[in-house]
Amino acid sequence: MQHRGHESRGGTDDGELTVPMAWLYAEYIADELLRTGDLMPPTSFEFRAGRDALALTVFLSDTDGELSGIRVISQLENWLSLTAYDQPWQDWVRERMAELTAPSGPPSADLALAADAWRWLEETELLAPDLDAVPGGGAVVGEDEGPKVWTPAWRLGLPLGHLAIHLF
């Protein structure tokens, strides 16, 4: 028996609960890549930003809906190119999300979780080192003492994800 109020949310016509396996698998892959890279503590906001950016990349790049364990290794180069510094990743995410959004009806459970991750990455700002600061502008002893700026989480998470793929 389903919990009251969940009869039609994310389920099929016969009342079964839909499990967002594609998103959960993409998130698992992203989590493993970041943990393997050991770039930051898994409890940090930076880790979450990297995981969500990578999960979106993995989920949205799977155009055939057939992401499997064996294909992960073959997709690493594709993910590297999508997350590269000179690529308009955020535009690509917006376009892919728009393509996957059905014109009528509720979004799939997978797409709803991907949309939540994208919303968090866009709306959340993290205090990060200012990578665009003028070099030689002053004596910086440690990374915590340099100039910092508030930046959207995806701007921090994307390079972390890219580096994690390289380290894998």
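Observations, loosely collected:
- Within the range 24-62, the set of residues being basic (Lys, Arg) and surrounded by 15 or more Cβ atoms within 10 Å (Cβ to Cβ) comprises Arg48, Arg51.
- The condition of being more than 16 Å from the chain's Cα centre (by Cα) and at pLDDT 85 or above holds for only one of Glu99, Glu66, that being Glu99.
- Residue match in the range 139-148 (condition: modelled with pLDDT under 90, closer than 18 Å to Ala26 by Cβ and hydrophobic (A, V, I, L, M, F, W, C)): no
- Residues (at pLDDT 85 or above and loosely packed, with under 15 Cβ neighbours inside 10 Å) located in the range 7-23: Met21
- Residue within the range 107-117 that is within 30 Å of Leu17 (Cα to Cα), open to solvent by 70 Å² or more (accessible area, probe 1.4 Å) and at pLDDT 95 or above present: yes
The values are calculated or read from the model by the stated rules, or taken from the named source; none is laboratory data. Predicted model only: the values in this text are computed from it and were never measured. Note that each Cβ is placed from the backbone with ideal geometry, even for glycine, and that neighbours are counted across all protein chains shown. Surface accessibility is based on the protein's heavy atoms, side chains included, excluding ligands, DNA and RNA. Shrake-Rupley method; radii C 1.70, N 1.55, O 1.52, S 1.80 Å.
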